[in-house]
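Before we start, here is the structure in question, set down as structure tokens.
What follows is calculated from the coordinates using simple rules that are stated; it is not laboratory data. In this text the structure is predicted, and so the values were computed from the model without any measurement. Heads up, the Cβs are rebuilt from the backbone with ideal geometry, glycines too, and the neighbour counts pull from every protein chain shown.
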């Protein structure tokens, strides 16, 4: 092993000697990698293929002691730090150039107490790991909709999916978290221990430390739910969206229905003449009794003249993987997102035009509806800012060739700007790309000032800055 020149947060180089590196390696249960080592390229690869960064050093942690060692090492040598959980973040903040990457992806344990209805989950677990363990006992924690998403990033950003309207956001079911803070101390955050940190972790992203374990409350669910897709011709999109908007006014908490607008992939249940034609999909899930679900979904399924309706009983863990084939790693991705309190006709008109000008066959626009139990939490109870019943639009540009970068990114940005007048200003930070650093304060709305206070207390030097960053400065001595 040779001396390494590693990058600092200011972009300068810090030389770390061979004996110091060897001492770190000897203190780890896990593995230390740098360029040229077997496994280095795999460890630095993330879901979004637009991100191609090369850390100067990667510490692949196996437990909290490794995380503590890595954080203390980074502080001692004043290194740029990135923290990887599942590596699914659109902004690619899991990886830095030249600095230290703390890789948690090998920490994947999920332990379930079926009697107490609790789960303890390590930060490298993905949603599929959590679903597999909890559904073995007919239990669930509310998570997202893509099973390869990391539980850590999803939770720290808020976390919503098919069950949020009934069971709340992922953070609403978080009971405690073990956190390595910027000074290398392991603390537990809960409503009674470090409650300010616990408040900030629930929606504030990775700004405050490295979570080494999550404790979640579990709920009875499944093993089967009523779920599936109703696919409409895109020529009917305006009418379908207007009726969809109306139908949701009376939807019970158990029912979630989102829309996806895109070119139809060659799904086996779609007639061949519709493959790669523009469609609007109503994707729905009822997390209650199947018979009640048939009644609750009836109004949505009666809209228009769909091409196919494949709503029926499905294993919940299987439904959680339904969109995985469209979201595999290896593609280039860029997202733009807004929150809307309602879905006005002006927005529908913009979306209608946007789908007719898709720059590539994998690009899509997703509209998620969040409310129910998630809205019955006070806006200042957690860092997550938007607790009203609302729609989340995610413009998802996805493509394969670098030559398409400009067309796809411009398409997404154009829709974002066109719909800005109808949006409310807040945003889901897990949907924000790397170029939206100037939007973070607005995204948190009235919760941002308190986030700053917590940042100043737990990370005044901004060690954890590879995220949608809350930029706190140290208070001056005069202050």
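Return the percentage of antiparallel bridges among DSSP beta bridges fully within the chain, rounded to the nearest 5 %.
Of those bridges, close to 90 percent are antiparallel.
Would you compute, from DSSP H runs of 4+ residues alone, the mean residue ellipticity of the chain at 222 nm, taking -39500 (n - 2.57) per run and dividing by the full residue count, rounded to the nearest 500?
Mean residue ellipticity at 222 nm (helix-derived): -7000 deg cm²/dmol.
Helix 345-355 versus the longest principal axis of the chain: what angle, 0 to 90°, nearest 10, using Cα atoms?
Rounded to the nearest ten degrees, it is 80.
Moving on. Could you tell me how many degrees, from 0 to 90 and to the nearest 10, lie between the Cα long axis of helix 448-458 and the main elongation axis, the longest principal axis, of the Cα atoms of the chain?
The helix 448-458 is inclined about 30 degrees to the chain.
Something else: Hey, fewest Cβ within 10 Å first, where do 15, 382 land in order?
Ranked by crowding around the Cβ, least crowded first: 15, 382.
Also, quick follow-up: Contact order normalised by length for the chain, with contacts defined as Cα pairs under 8 Å and 6 or more residues apart; what percent is it?
15 percent
Suppose each label sits 7 Å from its Cα in the direction of the beta carbon; what would the residue 437-residue 109 distance come out to in nanometres?
3.7 nm
Ok, one more. Kindly put 72, 220, 305 in sequence by how many other C-beta atoms sit within 10 Å of each C-beta, fewest to most.
Ascending Cβ contact count within 10 Å gives the list 305, 220, 72.
Could I ask something else about it? If R0 is 41 Å, what FRET efficiency do you get for residue 116 and residue 342 from their C-beta distance, rounded to 0.05?
Efficiency, rounded to the nearest 0.05: 0.55.
Give the shape of region 238-393 as rounded, prolate or oblate, defined through the alpha-carbon gyration tensor: a ≥ b ≥ c are the square roots of its eigenvalues, a/c under 1.5 means rounded, and otherwise the shape is prolate if a/b is larger than b/c and oblate if not.
rounded
Order of 16, 179, 210 from fewest to most other C-beta atoms within 10 Å?
16, 179, 210
Please provide three numbers in whole Å: the alpha-carbon extents of the chain along the principal axes, with the largest listed first.
Sorted from largest, the Cα extents of the chain read 70, 54, 49 Å.
What angle do you read, to the nearest 10 degrees and between 0 and 90, between the alpha-carbon axis of helix 64-76 and the longest principal axis of the chain?
Taking Cα atoms only, the helix is inclined about 60 degrees.
What's the percent breakdown of Cα-Cα distances in region 321-479 across 10 Å bins, shortest bin first?
Spelled out per bin, shortest first, that is 10, 33, 32, 19, 5, 1.
What length, rounded to one decimal in nm, is gained on full extension from residue 76 through to residue 471, with 0.36 nm per residue of separation minus their alpha-carbon distance?
140.1 nm
Could you give the radius of gyration (one decimal) and Dmax (whole number) of the Cα atoms in region 209-291, in Å?
Every Cα atom of region 209-291 included, Rg and Dmax give 17.1, 51 Å.
With every atom except the alpha carbons ignored, what do you get for Rg and Dmax of region 4-103, in angstroms?
According to the Cα coordinates of region 4-103, Rg and Dmax are 12.5, 37 Å.
Using every alpha carbon pair in region 174-243, what percent of pairs falls into each 10 Å bin from 0 up to the bin containing the largest distance?
So the P(r) values, bin by bin, are 17, 30, 12, 19, 18, 4.
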